[in-house]
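Inspection log for the structure reproduced underneath, given as structure tokens.
The values are calculated or read from the model by the stated rules, or taken from the named source; none is laboratory data. Owing to the predicted nature of the structure, the values given are computational and were not obtained by experimental measurement. Virtual Cβ from ideal backbone geometry, glycine too; neighbours counted across all protein chains shown. Heavy atoms of the whole protein, side chains included, go into the accessibility calculation; ligands, DNA and RNA do not. Shrake-Rupley method; radii C 1.70, N 1.55, O 1.52, S 1.80 Å.
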Amino acid sequence: MTDTGTPGADAGPRVTFTGLDHHALAARTRRWGWLQYAGYRQVAETPFLATWLAVAFGNPVLYLAAMGLGLGAIVQGDVDGVSYLTFVAPGLLAATVATTGAQFGTWPIFGGFKWQKNYLAGYSTPLEPGQMALGETTAIGVRLVLQAVIFWLMAALFGAWPSASALLAIPAVTLAGLAMFTPLMAYSATVENEGLQFNFIQRLVVMPMFLFAGTFFPLSVMPAYLQWVGWISPMWHGTQLARMASYGMANPPWLTAVHVLYPLALILAGQWWAGRTFAKRLVG
Amino acid sequence: MSEAGGSVTAVSVIEARELTKTYGDFTAVDAISFDVAPGESFGLLGPNGAGKSTTMRMIGGTSLRTAGTLSVLGLDPERHGPEVRASLGVVPQADALDEELRARDNLYVYGRYFGLPRAYLKAKVPELLEFAQLTDKSDAKVTALSGGMKRRLTIARGLINEPRILLLDEPTTGLDPQARHILWDRLFRLKEQGVTLVLTTHFMDEAEQLCDRLVVVDHGRIVAEGSPRGLIQEHTTREVVEVRFGSARNAEMQAELAALVADGQRSRAGLEVLPDRILLYTDDGEAMLEEINRRALNPLTQLVRRTSLEDVFLRLTGRSLID
Ligand SMILES: Nc1ncnc2c1ncn2[C@@H]1O[C@H](COP(=O)(O)OP(=O)(O)O)[C@@H](O)[C@H]1O
Ligand SMILES: [Mg+2]
């Protein structure tokens, strides 16, 4: 067992056994397994890094140019007491990051079970299913923060942020992105066959959440009977928080609490559910 | 526990008692008991659907047993899954490689799953690629590898944590003969190094090549246990005569041939009628052939060969290992 490569009768490549402490590995993994898993997502996404960066830098330029400058030019006067660009930038930031969160929650998770087999492989190691789900959230969280930072910087070039406190929009929209991510991740772990499910989710869940997120106009101008769509949309809550951070949008404290607690609750509930769906899928 | 040189000090690394797994009212693994000694190469030989993979998953704690007890390195894998899997190398029946990643990245991320330090992996990954004869494929995506290369990569991956037990679920199924021999050579080296191997297979030649000891499983039950040689001695005669009469005459010759084997032979002698041929178990194949020819039974083809594990399975179940 501890043969360290003494050549046998026919010398050839051998495997060295250095006497790893397996129990120490297990103990560390019980604690840090989620972080150990998160490295997979980083490695797996590396080939797409250039594309991702192009989108991360390009999107804000296109959106801000089209909406902030284009649409802004025909919007008469101020919206919510600020220029249209200042009004729309937090909304676009939230929508972009939350949509990315939703995307990561569908195909990559489903594909991980079906094609890349990373969860199956991971479950041959000391990792537990719930740790892999938490690792995904960790890795995606990092991605969303990076994307938010890039968007924020590009928007700054447009002069979209009236104050430095607008930096707080970054954690706010990351919260919204993760609130889209974890419930979708949990659901995607239950999908056996690639189907129309994800198209439906994109069109009937993510899209309405975007349209009613108050991105281009305040949700309050909508008829009251449609406003509920915005209320269930993490994007709207993220947008509102980002606006408060950016230009100090007036908001009652209880509602601010809802904007923080609702996405947080979604993240936690989604994470808990994902732990269950991952285990259900992997444990035989 | 047999075979481990009769040593009483060797504590089993795996101990299964009445291990059972049911799916609904279907029993996939039916109260099997076995022991694996350290350094031993232990096999589960059985046809498709015998319950081999299910047993392997229960050993890793990734499938929950329905009844019985199981101890792997002294621990219950269901309660101590991470501890057990930290010490195991798992080569599943389906490779579960990430085809879009490079060969070495597959090893690297897998090593990270164990929490192995980057410095350790930096040395270990090239060593294992070398062992698997994949050094020149290090930077290739897995999609570009042949079936045999993927299998070797999966074995290399299973060794990343210097496992105390390597579990191999059908290591060479689907590979061509040359790829199988390369793989056997690698596994043989591991065995020489004292790595405990637990492998499943439905190839009797693989079991004969690699296993010190094995259990023959069928329908979730152990039908025989022993060393390959011991099993052959115990359950079959020394030789077997294979005769073909063509599909039309095959069945009608049965009675006449049965009389032949019953003639003054020991109980292990006998015959098996397969759709395309009849097997006659006897200790003296040449004499049997002469007798067949003396009686002018006129088989289309005839041959005498040594008995193998395939014959053990046939004698025990009346069926062929590979259908
Ligand atoms: N998840 C499952 N649900 C229901 N039946 C299963 C499941 N997994 C395996 N089986 C059944 O259990 C039996 C044993 O399967 P398996 O352990 O894969 O056999 P082997 O590896 O020997 O071919 C087979 O009949 C198989 O169909
Ligand atoms: Mg199997």
>> Let's test this: bin the Cα-Cα distances of chain A at 5 Å from zero up to the farthest pair and state each bin's percent.
In response: 1, 5, 11, 15, 15, 14, 11, 8, 6, 4, 3, 2, 2, 1, 1, 0, 0, 0
> Kirkwood-based Rg over Rh for chain B (C-alpha set), two decimals?
Replying inline: 1.04
> From the phi of every residue in the range B:159-168, what ³J(HN,Hα) in whole Hz does the Karplus formula 6.51 cos²θ - 1.76 cosθ + 1.60 yield, where θ is phi - 60° and glycine or proline is x?
Replying inline: 9, 4, 9, 6, x, 7, 9, 9, 9, 10
> Using the Cα atoms of the range B:1-138 to build a convex hull, what is its mean projected area in square nanometres?
Replying inline: 10.7 nm²
> To the nearest Å, what is the center-to-center distance of the range A:152-190 and the range B:42-102, using C-alpha atoms only?
Replying inline: 41 Å
> Hey, what's the per residue convex hull volume over the C-alpha atoms of the protein assembly as shown, in cubic angstrom?
Replying inline: 199 Å³
> What base-10 log of the normalised intensity I(q)/I(0) is obtained for the range B:173-323 from the Debye formula, alpha carbons as equal point scatterers, at q = 0.09 Å⁻¹?
Replying inline: -0.35
> So what is the relative contact order of the range B:34-134, in percent, for Cα pairs below 8 Å that sit 6 or more residues apart?
Replying inline: 15 percent
> Looking only at other chains, what is the average number of their beta-carbon atoms within 10 angstrom of each beta-carbon in B:113-122?
Replying inline: 5
> Ignoring any ligand, DNA or RNA, what whole percent of the accessible area of the range B:6-232 comes from carbon and sulfur when the probe is 1.4 angstrom?
Replying inline: 51 percent
> Using θ = phi - 60° and the Karplus form 6.51 cos²θ - 1.76 cosθ + 1.60, what ³J(HN,Hα) does each residue of the range A:91-97 get, whole Hz, x for Gly and Pro?
Replying inline: x, 5, 4, 5, 5, 4, 5
>> Please check: in the Gaussian network model of chain B (C-alpha springs, under 10 Å), which one of B:Leu309, B:Leu300, B:Leu116 has the largest mean-square fluctuation.
In response: B:Leu300
> What percent does the relative contact order of chain A come to when contacts are Cα pairs within less than 8 Å and at least six residues apart?
Replying inline: 25 percent
> Can you give the accessible area per residue of the range A:9-54, in Å², using a 1.4 Å probe?
Replying inline: 54 Å²
>> For B:Ser12, A:Ser233, B:Ser146, give me the order by solvent-accessible area with a 1.4 Å probe, most accessible first, ignoring ligands, DNA and RNA.
In response: B:Ser146, B:Ser12, A:Ser233
> Over the range A:58-155, one equal point on each Cα, no solvent: what is log10 I(q)/I(0) by the Debye formula at q = 0.14, 0.22 Å⁻¹?
Replying inline: -0.65, -1.06
>> As an exercise, use a Förster radius of 56 Å and the Cβ-Cβ distance of B:Leu300 and B:Arg221 to find the FRET efficiency, rounded to the nearest 0.05.
In response: 0.95
> What percentages, rounded to whole numbers, describe P(r) for the range B:237-306 computed over all alpha carbon pairs with 10 Å bin width beginning at zero?
Replying inline: 22, 63, 15, 0
> Quick one: helix B:177-192 against the long Cα principal axis of chain B, what's the angle to the nearest 10°, folded into 0 to 90?
Replying inline: 70 degrees
> the range B:227-253 to the range B:174-212: how many Å between their Cα centroids?
Replying inline: 26 Å
> Straight-line reach from B:Lys191: which lysines have Cα under 20 Å away, leaving out those fewer than 8 places along the same chain?
Replying inline: B:Lys124
